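Asks: The structure's right below; bear with me while I get my questions together.
The values are calculated or read from the model by the stated rules, or taken from the named source; none is laboratory data. Predicted, not measured: the structure shown is a model, and the values here were computed from it. Cβ atoms come from the backbone with ideal geometry, glycine included; neighbour counts cover every protein chain shown.
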């Protein structure tokens, strides 16, 4: 593909995001409640307070520090500069997603991928909202592109770039670390002979060393403040309790706390009193995390039927397109109309390509597995799937669309020859 094509895709994405921002009528905080916490944390950093504690979690550090840099550089214009930066990142996402499609398939699939990603609506409002999602998705897409480039061409430079952007990914949202073991598997088993397997092991160590190097600033800060070294954020056990609790069960199946945050008091409210551990959320993280984990295990043990029902719901949410019905019937219907064709086409294409060339497409299968683990172990938060997985579904949707187009074109040619 000509470089001019990528330039067009970049600016088409950038302009489309500006237009959507202008016509949406929303500010940079209204569409996602988590934006407030990043604003608070970046203010802390500006005031030389590097404690990323937000009660239930120690927040992954990169995004709050990114906002702090914009506040420091641009003062009262920091929001505008941060949004422009995010528009730049999502435009890069289009380019590298298109390049990924070109690496896996051909030019036609790549073009369809780029255009579809620009039009795909489910990340639009994240792009100007001051939250981690846009940054994470961009870093992760770029990381996957260079990982696949390394796997296809065995260039160490591509491996290093992939490791850098994967580090930026998990320092933005730590759930990306679930994919780390599968990256190691891909690097190791893409090699064929015993000698090359030794090289694969060495390359895994290089990848891991780069990632570990990137954890040092945040990890050492948390070691000093919280007496624990973190690879990114900290809060997996609290999140596990969030997803495996009576509060979550009542929220999912009985609509308790649907229109407020009451169902989250047991992990976010410092005044919450647990019957066994007291004011659990006031405790240090090294203690609090273990207590939340024990409470989750106790609930699972005492409520096996409810636990099993939650896991079935998580499985359903993983494979089902669109938003949940809790967002309203109209949004659910619109979401289904938009995303159902994409999901069905991508599922078929992934199965088709895995069956015909598993080693080339194993990366997407492993990515699905890592996100399925997230949904089943923790909870089915659709936005995590959207920003981690669905952009890559677009590539396989484009493959399906390309095959349909070619089939239609061949049928037209056949008809014309018959005539």
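Table: residues versus (1) out of contact with any helix residue (DSSP H, G or I) (no Cβ under 8 Å at 6 or more places or on another chain); (2) over 21 Å from residue 79 (Cα atoms); (3) buried (at least 24 other Cβ atoms within 10 Å of the Cβ).
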position	(1), (2), (3)
102	no, yes, no
108	no, yes, no
122	no, yes, no
136	no, no, yes
143	no, yes, yes
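Asks: Being modelled with pLDDT under 95, out of contact with any helix residue (DSSP H, G or I) (no Cβ under 9 Å at 6 or more places or on another chain) and closer than 26 Å to residue 104 by Cα narrows it down to one residue among 185, 199; which is it?
Replies: 199
Asks: Could you count how many residues in the range 71-103 are without any contact (Cβ under 8 Å) to a residue 24 or more places away in the chain and within 20 Å of residue 15 (Cβ to Cβ)?
Replies: So in the range 71-103, the residues without any contact (Cβ under 8 Å) to a residue 24 or more places away in the chain come out as 73-78, 80-81, 84-85.
Applying the additional criterion that residues be within 20 Å of residue 15 (Cβ to Cβ) yields 80-81, 84-85.
Matching residues across the range 71-103 total 4.
Asks: To continue, here is another question. Quick check on the range 275-312: of everything there that is outside any helix (DSSP H, G or I) and loosely packed, with under 14 Cβ neighbours inside 10 Å, which residue is nearest to the chain's Cα centre (by Cα)?
Replies: So the residue we want is 284.
Asks: For the range 216-233, which positions are at pLDDT 95 or above, buried (at least 19 other Cβ atoms within 10 Å of the Cβ) and either closer than 18 Å to residue 296 by Cβ or in contact with a helix residue (DSSP H, G or I) (Cβ under 6 Å, 6 or more places away or on another chain) (or both)?
Replies: Passing the criteria: 230, 231, 232.
Asks: Out of the range 323-362, which residues are in contact with a helix residue (DSSP H, G or I) (Cβ under 6 Å, 6 or more places away or on another chain) and either modelled with pLDDT of 90 or more or not in a helix (DSSP H, G or I) (or both)?
Replies: 323, 342, 345, 346, 349, 350, 353, 354, 361, listed by residue number.
Asks: (1) surrounded by fewer than 17 Cβ atoms within 10 Å (Cβ to Cβ); (2) part of a helix (DSSP H, G or I); (3) modelled with pLDDT under 95: which one isn't true of residue 212, the others all being true?
Replies: Here residue 212 meets the rest and fails (3).
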